[in-house]
Structure formats: structure tokens, C-alpha cells
Amino acid sequence: MHMSDYSTYTDEELAHLLKQGDRTAFTEIYFRYWELLYKHVSYMLGDGESAMDTTQDIFTDLWLKAGHTHISTSLKAYLYTAARYKTMDAIRRSVLFDKYLQSMVEFSVSTRSNTDETVIFNELTKRIESEVSTLPPRMRRIFELSRIEGFSHKDITEELDITDHTVKKTLNRALKILRSKLTAVLSVTLL
């Protein structure tokens, strides 16, 4: 609960209480900084939904690591730094994911001299193809037309006799499914 007496505490006092596992201090920090951090992250990511997830991650980490977190700067500076790292991580995962996903067929492994990277790429390609094959048939067809055969949304609507809205919605769902299944693979092999 948002305790009024905690709202009078300084950031320094709250950080000290947080380190001792004080849940009310955490709640006060959350209320005090959630909106600021969300706006900051949202501006950097340009995507409200991802910003929401990233901001939640910042606070989840803050609580889970509270006991052994050393805040040497101000609490606000600490949270902004955490936001920057989490945002960069989200961008890196997203960019890497889309880069590997969208180029898995066009990409020429022979142009890369680093054999480790080639092995990683081949492994990722196999994993991506395997996950794509588990998508529902229509979703898989739309995904393959878009990402593998390079069809535009308009081409897909004509080919499958569906609306542009359906194409966009289906592709977004497919990417969301694949990203959630493959994030673990990417974070191990690439980050």
C-alpha cells in the first residue's frame, strides 16, 4: 500500500530501506519513478508496449536484487542508468532477432570469415525454421510469404484473398510467438 509517511522520505532513505527488503519503500520508489522511467524508455524505444515491459523489468530487477544492490549515485541516476541498459538490451534483442529472422534465407554464410559466427548462424537458422514450422498453417504461410519470399503486404492480400489488417495482425502475432520462443536462444548465442 502507498503509505503517506513513506512519501515524505528522501530517495536516499528509501534506497537504504529497500536494501533491507522493505516492500513499502519499494512501492514508494515505484510510485515515484514509474511514470518518469516509462516516458524515458518509451521515448528511446518508440514503442509503448515494449516500453511497458522494459519498465516493469527495471522494477522487477530492483526488487529482486535489492539486498545486494549498491546505489552509489542518487536513486534517480541509478534508475536512469538501469533504464538505459535495459533499453539497449531490448533494442539489441529486437534488432538481432529481426536481423537474423528476416535474412535467414538471403544471407550468404560464405561471405562471413568467422567460422564461429557461421556455426551460430546455421544453428539459429535451423531453430528458426523449426519454430516457423510449428506455427498454425495460415500464419506460417503468411509469415513465409512475407519474410522468406519477400512478398509485400499487398501481394499477400491478393495471393491469399485476405485483408491488409489480417496480414499485419497475423505477422505481428507470428513475430511475437517466434520472438518469445527464440529470445532464450538469442540471448545465449549472441548477447
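Scanning the range 67-101 for residues that are more than 10 Å from the chain's Cα centre (by Cα), farther than 27 Å from Arg147 by Cβ and either of a type in the set (Asp, Glu) or at pLDDT 85 or above (or both) turns up Ser74, Leu75, Lys76, Ala77, Tyr78, Leu79, Tyr80, Thr81, Ala82, Ala83, Arg84, Tyr85. Just so you know, in the range 29-55 the residues that are hydroxyl-bearing (Ser, Thr, Tyr) and surrounded by 14 or more Cβ atoms within 10 Å (Cβ to Cβ) include one that is farthest from Tyr9 (Cα to Cα), and it is Ser50.
Here Ile58, Ile71 are screened, and the one residue that is in a loop (DSSP other than H, G, I, E, B) and either crowded, with 19+ Cβ neighbours inside 10 Å or in contact (Cβ under 8 Å) with a residue 24 or more places away in the chain (or both) is Ile71. For the range 3-12, does any single residue satisfy the condition of being modelled with pLDDT of 90 or more, surrounded by 12 or more Cβ atoms within 10 Å (Cβ to Cβ) and more than 15 Å from the chain's Cα centre (by Cα)? For the range 3-12, residues modelled with pLDDT of 90 or more, surrounded by 12 or more Cβ atoms within 10 Å (Cβ to Cβ) and more than 15 Å from the chain's Cα centre (by Cα): present.
The values are calculated or read from the model by the stated rules, or taken from the named source; none is laboratory data. Here the structure is a predicted model, which is why all the values come from computation and not from measurement. When we count neighbours, we look across all protein chains shown, and the Cβ atoms used for this are built from the backbone with ideal geometry, even at glycine.
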